[in-house]
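Everything on this sheet refers to the single structure shown next.
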Amino acid sequence: MLLSGKGKHRRAAKATRIVAMAGVAGVAVAAPLMTAGTASAATASEWDAVAQCESGGNWSINTGNGFYGGLQFSASTWAAYGGTAYAPSADQASKSQQIAVAEKVLAGQGKGAWPSCGVGLSGASYDGGAAEAAPQPAAPKRSTEQPATRSEQRQAPKKTAPKNESKKTVTTPTGKKVKKGDGEYKVVAGDTLSKIAQAHGVKGGWEKLFQLNKGVVENADLIYPGQQLHLK
């Protein structure tokens with residue numbers, strides 16, 4: 001409206017340019033209408049909150065932990081959702097580009113891609129799938145061993161050693177695991193086979209004690225606190 005008003009006092013050539021500009025402006029106005037069905041699933045302020053939680057709000061962060069940018073994308077997720085069209089890794093992309101990729105991740109995987117930091121995101125379920133009625137493209141497949149984001153990695157259950165294994169071994173001061181044994185005597189710091197044999201009257205001395213526990217003690221000079229030795 002402002003442009004047409006000014007056009008009354010301009011020459012025809014300028015008026016033509018004004019019409020062209022109006023045409024461009026018309027495209028800008030029409031764009032939101034064309035994309036209304038695929039509006040962002042989360043607001044910019046919501047993504048800012050996720051970034052604050054994930055990376056302290058640093059959109060170009062790369063600490064070498066395998067996750068990049070303000071929203072801490074893994075390299076595989078960044079590539080799977082088209083991020084490499086912007087930059088090789090998320091930390092090298094702009095904030096708006098990271099958010100554009102994040103919208104695709106949110107649509108495909110839901111808030112669960114940021115389980116620690118994405119609870120406040122709107123427009124998608126926790127487990128995945130956008131709440132919008134518009135159909136979404138199928139999410140790229142990824143290995144369950146490759147977390148989408150740093151937040152998801154923090155939530156992943158930690159692998160622990162089988163309970164039976166911890167009961168059957170003893171950790172040495174160097175971190176090595178040795179057999180624990182199931183004998184009646186428990187080795188304490190400062191023990192040697194000679195001391196134990198003498199203190200408990202083992203006939204045959206340390207040699208006999210070594211023979212009795214060959215399945216546990218590999219070297220007669222090396223026994224460790226926590227090992228349980230047979231005395232007879």
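The values are calculated or read from the model by the stated rules, or taken from the named source; none is laboratory data. This one's a predicted model, so the numbers in the text were calculated from it and none came from an experiment. All Cβ positions, even for glycine, are placed from backbone atoms using ideal geometry, and neighbour counts span all protein chains on display. Each accessible area value is taken on the protein alone, full model and side chains, heavy atoms only, with ligands, DNA and RNA left out. Shrake-Rupley method; radii C 1.70, N 1.55, O 1.52, S 1.80 Å.
Projecting label points 7 angstrom from Cα along Cα→Cβ for THR43 and LYS176 puts them 6.2 nm apart. Summary of the geometry: segment 207-228 and segment 82-125, compared by the centres of their Cα atoms, lie 57 Å apart. For GLY57, the residues whose amide H sits under 5 Å from its own are GLN52, ignoring neighbours fewer than 5 places away on the same chain, with H placed 1.01 Å from N. Remark: segment 86-95, residue by residue, has Karplus-estimated 3J(HN,Hα) of 9, 7, x, 9, 4, 5, 8, 9, 6, 4 Hz, where x stands for each Gly or Pro and the curve is 6.51 cos²θ - 1.76 cosθ + 1.60 at θ = phi - 60°. Taking the full set of protein chains and a 1.4 angstrom probe, give the accessible area of HIS200 in square angstrom, rounded to the nearest 10. For HIS200, solvent-accessible area is about 90 Å².
Of ILE223, ILE196, the order by accessible heavy-atom surface (1.4 Å probe, DNA, RNA and ligands excluded), from most exposed downward, is ILE223, ILE196. Pairs exceeding 28 Å between alpha-carbon atoms, taken from LYS179/LYS203; LYS111/LYS167; LYS177/LYS214; LYS167/LYS203: LYS111/LYS167; LYS167/LYS203. Taking every protein chain into account, the 1.4 Å probe leaves SER55 with about 20 Å² of accessible area, to the nearest ten.
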